[in-house]
Amino acid sequence: MNQPENNKREQLLTLTQWLTCDDLDEHEANRIIDLCLQVQASPTPTLLETYGADAAKVVEYDPQGLLAFVLFTELEDYFAYADTVDELYEQIVDAFEQPALPDYPYEQSSFDSVSGFFAWVDQQLLAHHTKYQLIHFGQSYTHDFQVLLVYRDRVDDILALCGQLGVQAERCN
């Protein structure tokens, strides 16, 4: 393996572990990284064989998003994705074994925008699950929101590494 490919493998391994809060075992992480590298080397045939014809169309309409697409698809269980903020919030609550998060404030919400919602969620996380923060990751082709809970103290590193790898990611705000 040449040096740039080895470096990219290490970057992808680090990113995968950070996106899963170090929850993924080494064999599964390596399988995902192999798939990411294969998609970058041979996008259409790999996507077609692995995910089918609809997924292979990503090469046509979002060639820059291939890596994020594979990571999302392979790590889908770690993501929250929905078309409405209340559905998204329910998935965020469900991510915790002992949620301790309040119910969604249908009647008396203190926010009137999506950014207000994300600020409210961050306040709840700071109050109840201080280790975690939400980030937007990749481009969802079927939902309005696609977010991921990651360790708060790694957010800057995750965003920097995503930037180096050309993966769309940002803080939820």
Please determine whether any residue of segment 74-86 is more than 17 Å from the chain's Cα centre (by Cα), part of a helix (DSSP H, G or I) and surrounded by 12 or more Cβ atoms within 10 Å (Cβ to Cβ).
yes
Give me the residue from segment 130-146 that is more than 11 Å from the chain's Cα centre (by Cα) and under 18 Å from Val85 (Cβ atoms) and, out of that set, surrounded by the most Cβ atoms within 10 Å (Cβ to Cβ).
Gln133
Criterion (surrounded by 12 or more Cβ atoms within 10 Å (Cβ to Cβ), farther than 22 Å from Cys172 by Cα and of a type in the set (Gly, Ala, Ser)) met by exactly one of Ala95, Ala56:
Ala56
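Listed here are the residues, each with its yes/no results for (1) farther than 23 Å from Tyr151 by Cβ; (2) in a helix (DSSP H, G or I).
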residue	(1), (2)
Glu5	yes, yes
Cys21	no, no
Thr44	yes, yes
Asp54	yes, yes
Pro105	yes, no
Go through segment 26-43 and give me each residue that's modelled with pLDDT of 95 or more and exposed (fewer than 15 other Cβ atoms within 10 Å of the Cβ).
His27, Glu28, Arg31, Asp34, Ala41, Ser42
Kindly establish whether Val114 is surrounded by fewer than 19 Cβ atoms within 10 Å (Cβ to Cβ), closer than 30 Å to Lys57 by Cβ and among the aliphatic types (A, V, I, L, M).
yes
Output the number of residues of segment 1-12 satisfying the condition of being open to solvent by 50 Å² or more (accessible area, probe 1.4 Å) and either modelled with pLDDT of 95 or more or within 20 Å of Thr73 (Cβ to Cβ) (or both).
2
Cβ contacts < 6 Å: first residue under 15 Å from Glu90 (Cα atoms), restricted to segment 102-121; second residue open to solvent by 60 Å² or more (accessible area, probe 1.4 Å), any location; separation 6+ or different chain. Result?
Phe118/Asn173
Residue by residue through segment 2-58, note down the ones that are out of contact with any Leu (no Cβ under 8 Å at 6 or more places or on another chain) and at positive phi.
Asp22, Gly52
The residue from Gln64, Gln91, Gln40 that alone is part of a helix (DSSP H, G or I), more than 26 Å from Gly163 (Cα to Cα) and within 20 Å of the chain's Cα centre (by Cα) is Gln91
Taking the stated definitions as given, is Leu48 part of a helix (DSSP H, G or I) and open to solvent by less than 60 Å² (accessible area, probe 1.4 Å)?
no
From the residues in segment 147-171 that are part of a helix (DSSP H, G or I), open to solvent by less than 60 Å² (accessible area, probe 1.4 Å) and of a type outside the set (D, E, K, R), which one is nearest to Gln64 (Cα to Cα)?
Leu165
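The values are calculated or read from the model by the stated rules, or taken from the named source; none is laboratory data. Here the structure is a predicted model, which means the values were calculated and not measured. Neighbour counts are summed over all protein chains in view; Cβ atoms, including those assigned to glycine, are modelled from backbone coordinates with ideal geometry. Just so you know, the surface numbers come from the protein's heavy atoms only, side chains and all, with ligands and any DNA or RNA stripped out. Shrake-Rupley method; radii C 1.70, N 1.55, O 1.52, S 1.80 Å.
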